[in-house]
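Have a look at the structure below before the remarks.
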């Protein structure tokens, strides 16, 4: 699993971080863009922006709220991943999940790979 730093940022600025890994039989690429109070995360195998969802914590509910912004609303992979990451980070999370495989075991591998990277490079998230 490789990581490539990209654009270090001052506190409160934008930080970019690219990494990739082989999950199962598939090579998956990740692009993270940390903003002041939010995170944009792109996950895919090829350049595409087929879906986009946002999630954020709410003071009225223990489960973060999520909405699909782009793509097929019946494809919930982006929204589910955004919701889980919002719960972990307490930030507003934008996720673009652009992989054909939406199997729950595979998406768990994706989530775990992201969490590994968050632990290794917390300043990028």
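Quick note: the coordinates plus some simple rules give every number you see, no bench work behind them. This is a predicted model, so every value here is computed, not measured. With ideal geometry, Cβ positions are generated from the backbone for all residues, glycine too; neighbour counts draw on all protein chains shown.
Computed from the C-beta positions of residue 20 and residue 62, the FRET efficiency with R₀ = 41 Å rounds to 0.80. The mean of 1/r over all pairs of different alpha-carbon atoms in the range 53-125, once inverted, gives a Kirkwood hydrodynamic radius of 12.7 Å. With Rg/Rh (Cα atoms, Kirkwood Rh) as the read-out, I listed [x] 1.60; [y] 1.03; [z] 0.94; which label goes with the value calculated from this structure? Only one option fits the structure, namely [z].
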